[in-house]
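The values are calculated or read from the model by the stated rules, or taken from the named source; none is laboratory data. All figures in this text were calculated on a predicted structure; none of them were measured in a lab. Cβ placement follows ideal geometry from the backbone for every residue including glycine, while neighbour counts extend to all protein chains displayed. Accessible surface areas use protein heavy atoms only, side chains included; no ligands, DNA or RNA. Shrake-Rupley method; radii C 1.70, N 1.55, O 1.52, S 1.80 Å.
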Amino acid sequence: MIKIINIAGLFLLAMVFMENTLAQSGTQVSFKKQIIHGEFISEGANVADVDQDGDMDILAGHYWFEAPDWQAHEIRTPEKFDGTTGYSHCFLAFTMDVNQDGWDDYICYDFPGAGVYWYENPQGEDKHWTEYLIDSMACNESPMMVDLDGDGRQELVFGNQKRSEMMWFQPPRKPGDTKWTGQAIGIPQEEGTRQYSHGLGWGDINGDGIKDIIVREGWWEVPQDLKKLPWKFHKVSLGLACSQMYAYDFDMDGDQDVLSASAHAYGIWWHEQTSVDGRIGFQQHLIDTSFSQTHGVAFVDMNDDGLMDFVTGKRYFAHQGKDPGGMEPAVIYWFELQRDENNQPKWIRHDIDDDSGVGIHVVVQDINGDGKLDILNGNKKGVIVFWGQGGL
């Protein structure tokens, strides 16, 4: 039998709710902070109804936390990590029903350049989940999970430094299968594929109705026929080393601009798409430089006004405090998008907390089913949820 850990007993003080209330134009939004697990186990977390009881559970590191009391159950053998000297073996966490058996499974990225694995849900049995390797070398520090081929099931996108190629992996096609199918998208090149490459996104850059793959050095034009190789790479500058990248028409001029945020220094930017002699380029505009290490960004309409906002914060001790601003408070904010009379974007920054920060990705969705958006993070401060209290 696998030992079940009573989080309520071990982390009673950590379960104390802390409320932060913030005002925004047109509505009132508030959050209650709950520390689900007070130790460093991962730099990513996600949700799924693991036990099929109708409640969304939380998965992070070696555990899944059972809603609504957040009792911890082991997915794999736990380890201890010291965030002041090193890292964990879970940098990003995703969930989906990989083998199509009706139960949500767990996808975990290890250290950048190491492996990415999926774990088979044991369907209510009290045992460790069966581990399967997807790929032994998953590079780029913001790997994606998107429906690249439009079949209704999401694929994984990340670089492979050994091959110097950007890869996409399709989940098993037949129910019961366990193997993912990996495919390269073009000729070998370094852009976005190195072990510590930063910045990866997905959006329709050229306006052909097909979303493209974006890195800070340019973008791959995704063809209608995904088997038509190589995919064309357009080299442009999209700023400094960053985290997740998002395409959106921020200035309402009919084309897609790009949002990015510095992973290890100061700076959040939007990159305005331009055209010179028919060639796509980008002009960088600064949004914020007041805090650093924005290594995780979620892009979501927080206030239901039809405009896309974003949530980000400091990745606490990303490099053990050695990055610019690394010893400053572990803040988390959401940025509200507005537009001026000329349709130029402007952002209002709203405080959420100054003792949590973010990890390498941020999950924003209605976790507890109350109709309000919640924010989930896993990082060196632990596994933390901000429960939405108002607005939506």
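A compact table of results
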quantity	calculated
Unsatisfied cross-links (Cα-Cα over 29 Å) in the set Lys227/Lys380; Lys179/Lys235; Lys32/Lys380; Lys127/Lys381	Lys227/Lys380; Lys179/Lys235
Length added when fully stretched, Gln283-Lys80, from 0.36 nm per residue minus Cα-Cα	68.6 nm
For the range 29-73: rounded, prolate or oblate by the Cα gyration tensor [a/c cutoff 1.5]	oblate
Calculated from backbone phi, Karplus (6.51, -1.76, 1.60) coupling profile of the range 303-309 in Hz, x at Gly/Pro	10, 6, 9, x, 10, 7, 9
Cα-Cα over 27 Å, subset of Lys174/Lys372; Lys346/Lys372; Lys232/Lys314	Lys174/Lys372; Lys232/Lys314
Cα-centred dipole magnitude for the chain, charges only on beta-carbon of K, R (+1) and D, E (-1), debye, nearest 20	1260
Dipole-positive endmost among Phe233, Tyr316, Gly86 within the chain (Cβ charges, Cα centre)	Gly86
Estimated 222 nm signal from helices in the chain, with DSSP H stretches of n ≥ 4 weighted -39500 (n - 2.57), rounded to 500	0 deg cm²/dmol
Cut-off under 5 Å, modelled amide H: who pairs with Phe250 long-range	Asp257
Accessible area of the chain belonging to carbon and sulfur atoms, whole % at 1.4 Å probe	48
Distance in nm between pseudo-label sites at Ala114 and Asp355 (7 Å out along the Cβ direction from Cα)	3.0
Rounded to 5, the percent of DSSP beta bridges in the chain classed as antiparallel	95
Using θ = phi - 60° and Karplus 6.51 cos²θ - 1.76 cosθ + 1.60, couplings along the range 39-52 (whole Hz; Gly, Pro as x)	10, 6, 10, 6, 10, x, 8, 7, 10, 6, 7, 4, 9, 6
Average accessible area per residue (Å²) across the chain - probe 1.4 Å, nucleic acids and ligands excluded	41
Listed candidates (i) 208; (ii) 191; (iii) 134 - label of the one calculated as volume of the Cα convex hull per residue in Å³	(iii)
Sequence-distant residues sharing a close amide H with His37 (under 5 Å, placed H)	Val383
Amide hydrogen neighbours beyond the local backbone of Ile134, cut-off 5 Å, H modeled	Val116, Tyr117, Trp118
Residue among Gly371, Phe335, Gln389 farthest towards the positive dipole end of the range 295-392, charges placed on Cβ	Phe335
Residue-span extension gain [Leu133 to Asp304] - 0.36 nm each, minus C-alpha spacing	57.6 nm
Global geometry of the range 255-392, whether rounded, prolate or oblate, following the gyration tensor of its Cα atoms and the 1.5 cut on a/c	oblate
Met56 accessible area, 1.4 Å probe, all protein chains in place, Å² to nearest 10	60
Per-pair calculated FRET efficiency, R0 = 30 Å: Asp204 and Lys346 via Cβ, rounded to 0.05	0.80
Estimated inter-spin distance, Lys228 and Asp177, nm [label 7 Å along Cα→Cβ]	2.5
